[in-house]
Amino acid sequence: MSPPGRVWITGASSGIGRAVALRYARDGAAVAASARSAAALATLAAEPAAGARIRPYPVDVADRSAVRATAARIEAELGPIELAVLNAGSHEPVDARRFDAAVFDRLFGVNLGGTVNGLDAVLPRMVERRAGHVAIVASVAGYGGLPTAAAYGATKAALINLAEALKFDLDPVGVRISLVNPGFVRTPLTDRNPFHMPALMEVDDAADALVRGLAGGGFEVSFPHRFTWAMKLINLLPYRLYFPLVKRITRA
Ligand SMILES: NC(=O)c1ccc[n+]([C@@H]2O[C@H](COP(=O)([O-])OP(=O)(O)OC[C@H]3O[C@@H](n4cnc5c(N)ncnc54)[C@H](OP(=O)(O)O)[C@@H]3O)[C@@H](O)[C@H]2O)c1
């Protein structure tokens, strides 16, 4: 598969999105980088490794009309988006003993609503062109419930289901959809996790795995492999085995 020439990445101001933006820029793509923090995006665009190929497009993914306007501006300035990596996301731990619905509102608004807004902005254009590739960044936390992840995991489970469902409609019109399920990657997001993170990956390795995975033909891109496959298998177990095993692995 030939590498994409024009890439839009949301959540590009830090962590996985930032590393993926630099990786695509180094590979010669024109990269549109979005997040709320204009200052962090400007710093990214000025990185020598970006070779002046990253342009900042600050936007809050929860704002649907702003996301639509951003995609339109990117296409007017850079040309048709060939690959959209819908990666913006946030995490807040949930303690069910101090249940707070506001956390769910926030995470559903960004992780799920923000991704839906990204799809709303790019899909009509790609469907019309009968070309394009969208990558939805979910998580292994969407495979099954994990400690403190009631809100985060629910958004990621929803994204997995959403990506699977979209594939049926998009395949026949030539628009490719990929599902990205990372394991644990060291970023500002996971720095907040109070539990042990097995098989923790460095962000540049995760970006390499993501870009390599999207260049392949499969639907799901998950990494690190051994851990994500173990999580898949654990989620097939009966619950009487699932709960004690997850408790042991996460040392919850
Ligand atoms: N790290 C992991 O172990 C891991 C594992 C599985 C999945 N993931 C997923 O990978 C994605 C990236 O996570 P990360 O670990 O790289 O976290 P991160 O370093 O915290 O990056 C999150 C990115 O999302 C952006 N963002 C957050 N809210 C936004 C909003 N309302 N509008 C626009 N951008 C917004 C942030 O930028 P601003 O704050 O500037 O807006 C930032 O660029 C997330 O979807 C996360 O759920 C991460």
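The values are calculated or read from the model by the stated rules, or taken from the named source; none is laboratory data. Nothing here was measured: the structure is a model prediction, and the numbers come from that model. Please note: Cβ atoms are built from the backbone with ideal geometry, for glycine as well, and neighbour counts cover all protein chains shown. Protein only, heavy atoms only, side chains kept; ligands, DNA and RNA dropped before computing areas. Shrake-Rupley method; radii C 1.70, N 1.55, O 1.52, S 1.80 Å.
Reported count of residues in the stretch 120-153, each being within 16 Å of the ligand (Cβ to nearest atom) and either at pLDDT 95 or above or of a type in the set (Gly, Ala, Ser) (or both), is 20.
The number of residues in the stretch 89-107 being away from the ligand (no atom under 12 Å from the Cβ) and part of a helix (DSSP H, G or I) comes to 8. Within the stretch 41-66, the residues that satisfy the criterion of being open to solvent by less than 30 Å² (accessible area, probe 1.4 Å) and within 9 Å of the ligand (Cβ to nearest atom) are Leu41, Val59, Val61. The residue list Leu162, Leu179, Leu166 contains one member that is more than 9 Å from the ligand (Cβ to nearest atom), in contact (Cβ under 8 Å) with a residue 12 or more places away in the chain and open to solvent by less than 30 Å² (accessible area, probe 1.4 Å), which is Leu179.
Among the residues of the stretch 17-36, those identified as under 17 Å from the mean Cα position of the chain (by Cα) and open to solvent by 30 Å² or more (accessible area, probe 1.4 Å) are Arg18, Arg23, Arg36. Taken over the stretch 1-16, the criterion of being modelled with pLDDT of 95 or more and either open to solvent by less than 50 Å² (accessible area, probe 1.4 Å) or among the basic types (Lys, Arg) (or both) is satisfied by Arg6, Val7, Trp8, Ile9, Thr10, Gly11, Ala12, Ser13, Gly15, Ile16.
Residues that are open to solvent by 50 Å² or more (accessible area, probe 1.4 Å), modelled with pLDDT of 95 or more and in contact with a Leu (Cβ under 7 Å, 6 or more places away or on another chain) do not occur anywhere in the stretch 195-212. Just a yes or no: is a residue in the stretch 218-232 within 13 Å of the ligand (Cβ to nearest atom), assigned to a helix (DSSP H, G or I) and open to solvent by 40 Å² or more (accessible area, probe 1.4 Å)? No - not one qualifying residue is present in the stretch 218-232.
Quick check, is Pro194 more than 8 Å from the ligand (Cβ to nearest atom), touching a residue at least 24 places away in the same chain (Cβ under 8 Å) and outside any helix (DSSP H, G or I)? Yes; evaluated as a whole, the condition is true for this residue.
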